[in-house]
Amino acid sequence: MRITQLGKFYPPENGGIETVTLDLAEGFVKRGWTSEAIVFTRRQPETVIRNGVSILRVKCQALLSSQPLGLGWIITAIRRARLADASILHAPNLLGGIVSPFLGRGKSIVLWHSDIVNKGIFGIVAWPLEEAMLRRADQIWVTSDIYAASSRRLRRHANKIHTMAIGIQDAATGPVQSLSPEILTFLRGRRFALSVGRLVPYKGFQDLIEAAALLDDDQAIVIAGTGPLKAELATAINQHGLGDRVLLAGRVPDNLLKALFAHAALFVLASNQRSEAYGVVLLEAMTFGLPIVTTDIQGSGVPWVAGEGATGPIVPVGSPTALAAAIQSVMAADDTGALRQRSRERFVELFGVETMVERACVLLR
């Protein structure tokens, strides 16, 4: 079987959707299928084969509200998908509605990662294009039952919906390096809560910084990631006098990120909108058996992914006070062994990459 995935970007570009695209692509190859991905690049266009996957990187000519644009992607996506037995279009993607009517006779799949939330005029423009894409689709894959039930965009297409929980590679395997000297200097032997993600509004890092002001002196927060809010968050840290309690670590290499997960006392996801539809980063935390503090985003799959409290406290959205209390409760616990065990077991049971790939293959056959 020949599978073509149509996405925005592909690793080494960071992001949950990018990781899912890679894991599916390589999983199809392991099953003897022909697998390719049509994606954008901010650098020079290229066609490469990596781990058996053909990756066609098309030049991004413009970026509009996180949506890459380029005529070359549209042409390449149509040309390649028409040769495929099935195409998987990762959404949200404004261009999906443009290319979907021309994808040929192969099975058309929309993997719906998230609704477009709080995008103003962009969301209005996207509506008819998304509707065209969903109408053309033979199947719509959603990452959780909760998100499917809460999405106004998906309700009229309920007969096409199939649930496919996202899974990832086990990040906790192999050796773990020491933390960098800069991070060790910042920590000064203190326990720390880790948060990872793009520095964008819906990730709730502003709330997490405000929560840090309420923590004890022997507790710290490390935020790994970069993005457009970097300067604003750095200013907030300085204004609150929290330079010794919150570290913006920036984009860290994979080996250092692994060390941060391995040495953290807990993981925090403070997101505040349904743009955080699933929280793939929570799966990474689970591979290390970390207790998790997350927010109760209504209509999002995040609380379900986190085990509805089984792996740690779930707090109201937008409440630095509740975040701080939850972090302190985990930090102060005499024994977090049960939380750690449930976190690790939940990953193994539900969120392994092989489980995800096998589910996708069943749906594609």
Computed ³J(HN,Hα) along segment 33-45: with the Karplus parameters 6.51/-1.76/1.60, θ = phi - 60°, integer Hz and x for glycine or proline, the list is 8, 7, 9, 9, 9, 9, 9, 8, 9, 8, 9, 7, x
Taking a probe of 1.4 angstrom, what is the accessible area of Ser108 in Å², to the nearest 10? 10 Å²
Distance histogram in 5 Å bins (all Cα pairs of segment 1-112, percent per bin): 2, 13, 26, 28, 21, 9, 2, 0
Among Val176, Val39, Val110, which one moves the most in a GNM of the chain with springs linking Cα atoms closer than 10 Å? Val176
Stretch Glu182-Arg152 to full length: gain in nm at 0.36 nm per residue minus the Cα-Cα span? 6.2 nm
For the chain, with a Gaussian network of springs between Cα atoms less than 10 Å apart, report the residue from Val117, Val20, Val302 with the top mean-square fluctuation. Val117
Lys107, Lys230, ranked by accessible area, largest first (probe 1.4 Å): Lys230, Lys107
Just check segment 298-365 against the gyration tensor rule for me: Cα atoms, a ≥ b ≥ c as the square roots of the eigenvalues, rounded for a/c under 1.5, and otherwise prolate or oblate depending on whether a/b exceeds b/c. oblate
How much accessible area per residue does segment 1-94 have, counting only protein heavy atoms and a probe of 1.4 Å, in square angstrom? 42 Å²
Relative to the Cα centre, what is the charge dipole magnitude of segment 84-149, using +1 at the beta carbon of each Lys and Arg, -1 at the beta carbon of each Asp and Glu, and rounding to the nearest 20 debye? 180 debye
Segment 272-293 scanned against label point 7 Å out from Glu232 along Cα→C-beta; backbone N under 17 Å for 272-276
Give me the distance between the Cα centres of segment 155-224 and segment 21-97, rounded to whole Å. 28 Å
Of all alpha-carbon pairs in the chain, indicate the percentage at a distance above 36 angstrom. 22 percent
Listed residues Leu71, Thr235, Trp127: farthest to the positive end of the dipole of the chain (Cβ charges): Leu71
Considering only protein heavy atoms, what is the solvent-accessible area of Thr41 at a probe of 1.4 Å, reported in Å² to the nearest 10? 10 Å²
Percent of beta bridges antiparallel (DSSP, the chain, rounded to nearest 5): 15 percent
For the chain, the dipole about the Cα centre with charges only on Cβ (Lys and Arg +1, Asp and Glu -1), to the nearest 20 debye, works out at 1640 debye
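In terms of solvent-accessible area of protein heavy atoms at a 1.4 angstrom probe, what is the ranking of Tyr147, Tyr202, highest value first? If you can, show how the numbers build up before the last one.
Values: Tyr147 5, Tyr202 65 Å².
If we order Tyr147, Tyr202 from most to least accessible, we get Tyr202, Tyr147.
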Cut-off 12 Å between beta-carbons: net charge of the residues surrounding Leu214, Lys and Arg +1, Asp and Glu -1: -3
Ranked highest first by average number of other Cβ atoms within 10 Å, how do 270-278, 183-191, 221-229 line up? 270-278, 221-229, 183-191
Average Cα contact separation per residue, the chain, under 8 Å, 6 or more apart, as relative contact order %: 14 percent
Taking all protein chains as present, what is the carbon and sulfur share of the accessible area of segment 68-155, in % to the nearest whole number, probe 1.4 Å? 60 percent
Roughly how many Å² of Ile124 are accessible to a 1.4 Å probe, to the nearest 10? 110 Å²
Carbon and sulfur %, accessible surface of segment 207-314 computed with the full protein complex present, 1.4 Å: 47 percent
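Enter the accessible area per residue of segment 197-356 (Å², integer; probe 1.4 Å; all protein chains in place).
Accessible surface, normalised per residue, equals 38 Å².
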Could you size up the charge dipole of segment 1-153 around its Cα centre, putting +1 on the beta carbon of Lys and Arg and -1 on that of Asp and Glu, and report it in debye to the nearest 20? 400 debye
Would you mind calculating the gained length between Gln298 and Val125 on full extension (0.36 nm times residue separation, minus the Cα-Cα distance), in nm to one decimal? 59.8 nm
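How much length is gained if the chain between Asn255 and Ser66 is pulled fully straight, taking 0.36 nm per residue apart and subtracting their Cα-Cα distance, in nm to one decimal?
So the chain would gain 65.3 nm between Asn255 and Ser66.
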In what order, largest first, do Cys60, Cys361 sit by accessible area if the probe radius is 1.4 Å? Cys60, Cys361
What area, in nm² and to one decimal, does the C-alpha convex hull of segment 165-226 cast on average over all directions? 6.2 nm²
Expected max-MSF residue from Pro303, Pro12, Pro201 in the GNM of the chain (alpha carbon, under 10 Å) is Pro12
Normalized C-alpha radius of gyration of segment 34-169, against 2.2 N^0.38 Å? 1.05
At 27 Å minimum axial length over the Cα atoms and a Kyte-Doolittle cut of -0.5, report the qualifying DSSP H helices in the chain, or say none. none
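The values are calculated or read from the model by the stated rules, or taken from the named source; none is laboratory data. Since this is a predicted model, take the numbers as computed values, not measurements. So basically every Cβ, Gly included, is an ideal-geometry build from the backbone, and we count neighbours across all protein chains shown. Please note that ligands, DNA and RNA were not included when accessible areas were found on the heavy atoms of the full protein model with its side chains. Shrake-Rupley method; radii C 1.70, N 1.55, O 1.52, S 1.80 Å.
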